[in-house]
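Working notes, beginning with the structure itself.
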Amino acid sequence: MSADSLLLIIENPEIREQLTTILNFVEQTNITAHGFGNWNSIETDSIKAVFVEAVGASAKLTSELEAAHKAMPRVPIFLIAGDADSEEQELPEGVLAPLKWPVQYGQLVTCLHRADIYRESARAGSANAAALSRVLVGRSGGLRQVRHLIEQVADSEASVLILGESGTGKEVVARSLHHLSSRKDKPFVPVNCGAIPGELLESELFGHEKGAFTGALTTRQGRFEIAQGGTLFLDEIGDMPMPMQVKLLRVLQERSFERVGSNKTIYADVRIIAATHRNLEDNIRDGSFREDLYYRLNVFPIDMPPLRERSEDIALLINELIARLERDGRGSVRLTPAAIASLSQYPWPGNVRELANLIERLVIMFPMGVVDYRDLPEKFQIEGIDAAEDVPLPEIEPESEPVSGVETAFVLPREGIDLKDHLAELEQSFIQQALDDAEGVVAHAAKRLNMRRTTLVEKMRKYGLQRAE
């Protein structure tokens with residue numbers, strides 16, 4: 001069985017055939033049918049997720065699901081139930097969520113993303129992977145590699161150099177590194193080295209004494225002092241003037257500096273994270289960047305892939321961007337599959353920032369509406385996309401964090417929703433977030449959810465939720 005295969009344990013040939021067709025459209029990976037039992041014949045490390053049809057007596061099904069989870073503890077299981085099986089039932093461990101047939105396109109996209117989160121969390125043995133998956137949204141191989149590298153280096157003191165085109169999310173990576181480090185309770189201080197004139201950058205970084213230069217009316221702390229004990233993020237480091245590169249290198253080597261106009265040494269307990277969209281090795285060759293500073297910064301490089309190489313992440317990113325606008329009370333919109341298919345083939349020179357700007361524009365142009373292929377701005381209408389493609393509309397994933405004081409706008413889809421299933425998914429999402437935030441301490445999570453600990457334990461068992469080890 002090939003890597004990242006999907007396993008279908010479905011007796012009904014019609015359901016199996018339809019689900020295979022939809023999964024091939026969403027995932028484009030190897031899909032294999034299998035029956036219950038005989039787990040020794042399966043290479044479990046290659047399985048991404050298992051879809052199981054809810055058939056037979058409840059006790060027998062539960063026993064089979066428990067056996068499947070025991071054989072594949074790191075593989076998420078999704079239970080597909082028909083209308084006749086829609087009554088509330090306890091879900092065995094390892095079963096992430098029940099899906100009512102027919103399953104919609106948007107539900108499957110969300111399920112496969114959750115499968116990635118589940119497997120990454122199982123490998124990491126912590127809540128870090130789940131937290132990263134909520135911030136760095138996507139299922140592509142490039143983004144999974146970025147999340148893995150962040151987990152590896154976050155809690156070290158090594159300098160990190162984040163490379164990538166403008167708009168790919170380099171500051172998001174830097175903030176994630178800080179949040180997952182032992183310095184998370186100290187300041188995270190960003191500096192855009194390309195936006196500050198060279199003659200002012202020294203004062204901005206190191207501070208100055210009163211009267212040090214014309215206009216220095218008071219003593220001022222620099223960014224190094226403000227970030228003491230925390231993280232200093234030097235964005236667009238490739239645009240830093242050569243004289244400042246020399247001074248920065250000295251600070252990194254000696255871990256100390258002086259304010260402009262002072263001879264008093266200040267020791268810097270700061271972790272350095274830098275980022276650039278430039279090719280610094282080319283800059284070294286043309287003499288615009290110091291080689292010794294490059295090697296000092298480039299202890300642990302992280303390369304952010306451009307959005308054009310992450311086309312499989314477009315639908316998830318659209319869902320997340322719309323959900324954020326909803327949480328901020330700024331409106332909402334829905335995109336048809338034809339519109340999403342067109343956006344997935346656009347080259348995105350502005351990367352995620354350009355996509356975010358487009359979604360915000362569509363929310364303004366079509367408030368609470370549905371955007372089809374022909375409604376997109378002309379440059380986003382890729383030739384060859386069938387605007388009449390008949391695929392169910394994607395659904396918006398429940399918000400990742402509750403926001404108090406904001407009235408969130410929810411839009412009822414044209415085809416309607418199953419309110420019971422929707423509320424169950426929302427409850428499950430909030431419980432998992434509370435467990436992640438409490439680092440697996442059930443009592444703390446229960447307090448945040450304003451419920452009894454025993455009630456939370458019952459709901460965790462019902463939804464198959466796991467505490468972080």
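The values are calculated or read from the model by the stated rules, or taken from the named source; none is laboratory data. The structure displayed is predicted, hence computed values, not measured ones. Here the Cβ positions follow ideal geometry from the backbone for every residue, glycine too, while neighbour counts run over all protein chains shown. With ligands, DNA and RNA removed, areas are computed over all heavy atoms of the protein, side chains included. Shrake-Rupley method; radii C 1.70, N 1.55, O 1.52, S 1.80 Å.
Key figures
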item	result
Net length gained if the chain between residue 443 and residue 269 were fully extended (0.36 nm per residue, minus Cα distance)	59.1 nm
Approximate spin-label separation residue 185-residue 361, in nm, with each point projected 7 Å along Cα-to-Cβ	4.5
Amide H partners (placed H, <5 Å) of residue 80, local residues excluded	52, 53, 54, 99
Residue-normalised accessible area of the range 251-369, given per residue in Å² at a 1.4 Å probe	45
FRET efficiency for residue 258 and residue 148, using Cβ-Cβ distance with R0 set to 41 Å, rounded to 0.05	0.55
The range 140-287 - percent of accessible surface contributed by carbon and sulfur, probe 1.4 Å	48
Point-to-point label distance, residue 291-residue 32, nm (Cα→Cβ direction, 7 Å offset)	5.1
Distance violations [Cα-Cα > 24 Å] among 70/447; 48/70; 100/462; 170/447; 60/459	70/447; 170/447
FRET efficiency estimate (nearest 0.05) - Cβ-Cβ, residue 311 to residue 213, R0 45 angstrom	0.30
Sorted peptide list for 174-180, 266-272, criterion being average Cβ within 10 angstrom, highest first	174-180, 266-272
Computed FRET value (nearest 0.05) for residue 461 with residue 284, which takes r as the C-beta separation and R₀ as 56 Å	0.45
